[in-house]
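Just below is one structure, and these are the notes that go with it.
The values are calculated or read from the model by the stated rules, or taken from the named source; none is laboratory data. Note that the coordinates shown come from a computational prediction; the quantities given were computed from them, not determined experimentally. A quick note on method: Cβ atoms are made from the backbone with ideal geometry, for glycine too, and the neighbour counts reach across all protein chains shown.
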């Protein structure tokens, strides 16, 4: 086929017809004259055994010389093994990505594929299955310690040393437990990145043993019988708010979680059945467990019922057994119990609100023979993992727990009666 069949003068004279007309310039270069008058440059070529067509622009914006130059450039790409049509698509996609990145950067948003972008995407996917407190803690921890260091980096570019550097910054300020938690959070992001094709490895698994060991944390508790007797006498002699004294006593008598004790509602108490029913939504469980689990049943010893009877004149007309002194619409603050213990001479290293659980578990095992550990764990509402977990969940040991709770309350009475009550006046 002869080359360069077209001329500028011939192109100008080309008139549109009823149908599109194609004027050849040779080498696959065509000028398509459309019925509406537009003139488009096309290049016909073969790639991978298939005939394809590439647009080279419109005349006169693209002159005949320009069109021939573009044809030659595209022909060179084909000779080099590159499909010019696919290269153009990739270029447009890259340009769109760049524009999107510039817009996100201007708006202060993370770029797609970066650690922060993938982490926030993972968080948004998982948040409905997490408790509100965990979801908030997870994102806040990442925002404070991971995003400032890793957030702008492409997820696939982050290796073990880079992740370790971010975690060491947290470790250096003494937040050892936080550093270990962040390693776990980062691992979740990388696993999600692998699943969604944003990275190929999870560098957090290579950091086993790289961080300082987590310090062992024990909830401070009084664990010796003599000390427990003294604690009970101090509670009995507490002359602060009656509701605070009652919360301390029921913490010892029921050994439930401090948050559950403070949020106890009168509607949850069945004095005739001597039973406190804690709704599943209030328990320390997963979202699924809170929404679908059974309530936790707490048998009440005679002494616990007596405490509730004494509290009824103070709060029985409201929702909560232990309402906030500032607003009856909320339950007692966790600081109330802590402050009361301090006024009685117990610091955070001596006794905490959570310590009543450790106190009960230790003394029942060591001092009250014949009580199965499974019964104690059921009263503590500790889940049991493994193949017997479901059977355990169904076996609430109610008869054994009723007997245990009364035995425990009677034992506390004996410890308390070991000396006289010493009153503590309010500061």
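Considering (1) surrounded by 13 or more Cβ atoms within 10 Å (Cβ to Cβ); (2) in contact (Cβ under 8 Å) with a residue 24 or more places away in the chain; (3) over 12 Å from residue 211 (Cβ atoms); (4) over 19 Å from the mean Cα position of the chain (by Cα), the lone condition that residue 176 does not fulfil carries the number (3).
Quick check on region 150-169. Is at least one of its residues assigned by TED's automatic domain parsing to the domain that holds residue 192 and over 19 Å from residue 203 (Cα atoms)? Let's see the steps before the verdict.
Let us first name the residues in region 150-169 that are assigned by TED's automatic domain parsing to the domain that holds residue 192, namely 150-169.
Narrowing further to those that are over 19 Å from residue 203 (Cα atoms): none.
So far as region 150-169 goes, no, none of its residues is assigned by TED's automatic domain parsing to the domain that holds residue 192 and over 19 Å from residue 203 (Cα atoms).
Scan region 180-188 and tell me whether some residue there is without any contact (Cβ under 8 Å) to a residue 60 or more places away in the chain, over 24 Å from residue 117 (Cβ atoms), not in a loop (DSSP other than H, G, I, E, B) and not assigned by TED's automatic domain parsing to the domain that holds residue 363. Among the residues of region 180-188, at least one is without any contact (Cβ under 8 Å) to a residue 60 or more places away in the chain, over 24 Å from residue 117 (Cβ atoms), not in a loop (DSSP other than H, G, I, E, B) and not assigned by TED's automatic domain parsing to the domain that holds residue 363, which makes the answer yes. Evaluate the following for residue 345: is it over 17 Å from residue 379 (Cβ atoms), at pLDDT below 90, assigned by TED's automatic domain parsing to the domain that holds residue 252 and more than 33 Å from the chain's Cα centre (by Cα)? So residue 345 passes the test. Taking region 220-339 as the region of interest, the helices (runs of 4 or more DSSP H) fully inside it that hold 3 or more residues being farther than 22 Å from residue 405 by Cα are 287-292, 302-315. For region 32-47, state whether one or more residues are in contact with a strand residue (DSSP E or B) (Cβ under 6 Å, 6 or more places away or on another chain), under 26 Å from residue 83 (Cα atoms) and part of a loop (DSSP other than H, G, I, E, B). Within region 32-47, none of the residues are in contact with a strand residue (DSSP E or B) (Cβ under 6 Å, 6 or more places away or on another chain), under 26 Å from residue 83 (Cα atoms) and part of a loop (DSSP other than H, G, I, E, B).
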